[in-house]
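A short worksheet on the structure shown next.
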Amino acid sequence: MSTTQVLAEAAQVLFSWPTIGWVVLGILLGIIAGALPGVGSSMGMAIVLPLTLPLSPVNAIVLLVSMYSGAMYGGSIAAILVNVPGTGGAAATTLDGYPMSKQGKAVQALAMSATASATAGFLAVLTLLLFSPILIEVVLMFGSPEFFLMAAFGLAMITVVVQGSIVKGLVAGAFGLMLTTIGIAPNSPELRYTFDSLALYDGLDFIAALIGMFAIAEMIKLAAKKGGIADTGVDMSGNRLSGVRKTFSHPITVVKSGYMGMLIGAIPGAGATVSNFFAYGEAMRASDDPETFGKGNPLGVISAEASNNGTIGGSLIPTLAFGIPGSGSTAVLLGGLLMHGLRPGPDLFDAELMTTYTFLLALLIGNVFILLAGVFLITRAGRITQIDTHVLIPAIIVLSVVGGYSLRTNWADVATVLVLGILGYIMVKKDYSIIAFVLGVVLGPIAEENLMRSLQLSDGSYMIFLTRPISLLIVILIFVVIFGPFLKPWLSKQLG
Amino acid sequence: MARKFTMESYNRRELLQYAGAASVAGMTGIAGCLGDDNGNGNGNGNGNGNGGGDDFPTDDIRYIIPFGEGGGTDTYAREMVPLVDERMDVNIAIENISGAASLRGTGEMMYAEPDGYTIAAFNPPSTPVSEMVNPQDFDLENVTGVCSYASTPFVIVANSDYDIDGYEDLMSRYDDGELENFGGKERGGVDHVMAILMQNLHGFDWGQYVGYDGTGPAVQATISDEIPACIATDTGAEAGVESGDLDIVTGLVSEGTEVFPDVETVTDLGYDNIDFISQLQRGIYAPPDTPQEPLDVIADVVEEVTETDHMQEWSDETGNIVQYGTGEEAEQAVRDAYEIIPENVDLEEIREAAN
């Protein structure tokens, strides 16, 4: 079957009931999760993931990616209305979004955010769709040595994504990595730290770890706060149509920010949290009046929001192609793919191409729903940010525990959710990077399995990582990532 | 499409002769097991379920699938169970207890009350091999067979760039040193044990066994030439062979496979029969010492279901073979694994095969 035929068939699946319903539900759930500061896309998706078990793989993934997309937009709602970013990816949106709110242009800012998010999200996913036949060629060039090195590259990125103490970041990453040593070793029947319990034979479930880290830890943090998540009242004024028009009058900012988001998203470890500041900075640099940024300049909102939805298309590349997630949300999405028997790699672009196209199309179409929701439901958006924590916390804790159990009907997973939830809270409090932990816990098994297999292939020689062109390239990249900060001053001194 | 599973097509004595010929020590094991076979065989297999089955079942039946949702065993269960449900007065509740190479769910069944209300699906020799490599407190050898409902044969495929012409050509290329690595699923699993058996019984002298996380990735690695050849299930290799990326080298089951009916099998070439390990015998099992009557009731319904148009059509559409076998045959598959594998493979070596 030709690619176009598969695409046509995927479109047919997408527009049939109930798949299209899952797109709408996913976008709405995502917007709500994104708009709730402290919830956000990773947690929202982590809670919903185990509940997708009864769904068919296509519908489950469609629901998850739609939530991902919806949450990226939803994050801007709290950022604009109450100056608290709903997701890390909307942090830069607060800089000009909240001042716009205070100037009585809240609705205009929300409409701009919806339009920029939807347009950039659409473009990035469309680009991914068009380039997917090339992507598969690249994926096929990757063997076990390259997979190991990609995982090592993702781990090296910890040194870049960690804000604050590098040592704490490395400790968090190493902790995640060490947890993955529990269970049967990937390349031999050796048991490690199972304490004779069958429940630990397969190690800890990384999805349970993510639920604990994202959901329980945040809820404990929230429990320390009084009343609603955002205490301030919101003022819903401004003109929505002028917001849409304003966005379309700056096509270059939208396109540029969107693609910047896509590029940064494609790097493992660097997600929307990084890209929205990059795009914001670039919009400011290119502007004639950079001093108006931070005081309610619409371009600030447009650039940040275009970039975070652009990130989605990019972050799917390493997730789908190599099973290496670029962010917390894609780590959860990876869990969803594996749980429903979809293995990242060539299969997703070959035997499972229809499924892949269906959820890429779902993302594409989802942007239309974001635009519609953003423009028509906007006046109600403020209410989401006012939900009382007395309702939210118990609901999320119950869903997390039930979700943890339903992953593998294994009580070890419930224990993982709760223990790592408490540990996660302490880590957040003490500034240990959660994303570094996530990279460790997700990439650990990929790194170990492929390292051992590469050495089986080479009969124990480490040269296998240097003699192949792609592996050599990744080794150089890892070297640059780790030693770049030391080399840069030395280089500029030599040159200057 | 579907084959009927009969004793003619699976002649145990013939198979044991082949395997036994490879090791004198094996012969003693066989003598003992033939005795067992005769003793048990009389009580089983008629299965019309009229005797004590009148009051069974009165309660829901727990059907444990020791694998995750969406896997092969789960797919069969979800297709068959609704039909079994319709024919019984009680519900059959599927419970996925996955993990630990199927030992968690299997253990849950082994420790359940032997009353016919807890049964489990597993696929010898795969679960027995996992148990032999990581011995458990339960005695899987004494499990009670309910019936078997399908079998999945293994084959060897090679990257088509090597133009390998059959099993003997493959072996000579490894002998010459032209080829070195050989692969399949994880080390310590069925494929690995099978590869070692082929080394010991057929003189197939591969250098390094490279383990992958499932048949799919092993086939993919063969297509991308990370390894030149691998063990795969016939259905798992089908797409690669059709596209021309892979050549089918040989069938490992003496009967051949439905997917590749023309391919020469190892026994066609005169090599030892390894049927006890070269196909997954998908079976349903009950805890040791479960009385026969309730199991006959279940087996009869499963037999009826495997013959329905619905299951046959599903089999034709998906390529998943559906074929009924008796409880005795299901038990035999487990016992064969426990008797023949340790005779021919050094399990300690596999346990230590970390690198």
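The values are calculated or read from the model by the stated rules, or taken from the named source; none is laboratory data. Keep in mind that what you see is a predicted model, and the values were worked out from it rather than measured. Every residue, glycine among them, receives a Cβ derived from its backbone with ideal geometry; neighbour counts consider all protein chains shown. Accessible surface is based on the protein model in full, side chains and every heavy atom, while ligands, DNA and RNA are left aside. Shrake-Rupley method; radii C 1.70, N 1.55, O 1.52, S 1.80 Å.
What the table shows:
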| read-out | value |
| --- | --- |
| Chains A and B, summed buried accessible surface - 1.4 Å probe, Å², nearest 100 | 2400 Å² |
| Peptide B:104-111 - average C-beta neighbours from other chains (10 Å radius) | 2 |
| Kirkwood hydrodynamic radius of the stretch B:141-224, Cα pairs, Å | 14.3 Å |
| Cα shape, the protein assembly as shown, gyration tensor, a/c 1.5 rule | prolate |
| The stretch A:174-308: C-alpha pair distances exceeding 25 Å, % | 57 percent |
| Average beta carbon contacts from partner chains per residue of A:196-203, 10 Å cutoff | 4 |
| Per-peptide average of other Cβ atoms within 10 Å, ordering A:167-175, B:83-91, B:200-208 highest first | A:167-175, B:200-208, B:83-91 |
| Net lengthening on full extension, A:V475/A:I20 (0.36 nm per residue, minus Cα-Cα) | 159.5 nm |
| Principal axis dimensions, largest first and in whole angstrom, of the stretch A:325-458 by Cα | 62, 40, 31 |
| Expected 222 nm ellipticity per residue - DSSP helices of 4 or more, -39500 (n - 2.57), all of chain A, to 500 | -23500 deg cm²/dmol |
| Accessible solvent surface per residue of the stretch A:10-69, calculated while the other protein chains remain in place, 1.4 angstrom probe, Å² | 28 Å² |
| By average C-beta atoms within 10 angstrom, highest first, the peptides A:108-118, A:68-78 | A:68-78, A:108-118 |
| Exercise: per-residue mean of other protein chain Cβ atoms within 10 Å, B:95-102 | 5 |
| Peptides A:309-318, B:190-199 ordered by average Cβ neighbours within 10 Å, highest first | A:309-318, B:190-199 |
| A:V368-A:T181 FRET efficiency (beta carbon distance; Förster radius 51 Å; 0.05 resolution) | 0.65 |
| Distance between modelled label sites at A:F376 and B:Q312, nm, 7 Å Cα→Cβ extension | 5.2 nm |
| Accessible area expressed per residue, the stretch A:329-439, with surrounding protein chains retained (probe 1.4 Å, Å²) | 39 Å² |
| Computed over chain A, Cα set: Rg, Dmax in Å | 22.0, 69 |
| Sites B:D169 and A:I134, calculated FRET efficiency, Cβ-Cβ separation with R0 35 Å, nearest 0.05 | 0.45 |
| Coarse-grained scattering of the stretch B:180-277 at q = 0.17, 0.20, 0.22 Å⁻¹, given as base-10 log I(q)/I(0) from a Debye sum over alpha-carbon atoms | -0.73, -1.04, -1.26 |
| Share of carbon and sulfur in the accessible heavy-atom surface of the protein assembly as shown [1.4 Å probe, %] | 58 percent |
| B:D262-B:D85 FRET efficiency (beta carbon distance; Förster radius 30 Å; 0.05 resolution) | 0.15 |
| Bridge type composition, the protein assembly as shown - antiparallel percent by DSSP, nearest 5 | 65 percent |
| Radius of gyration and maximum dimension Dmax of the stretch B:147-196, Cα, Å | 13.7, 45 |
| Over 24 Å (Cα to Cα) - which of A:K102/A:K256; A:K102/A:K246; A:K429/A:K488; A:K225/A:K429; A:K221/A:K430 fall in this group | A:K102/A:K256; A:K429/A:K488 |
| Virtual spin-label span in nm between B:D213 and A:R285, 7 Å along Cα→Cβ | 3.8 nm |
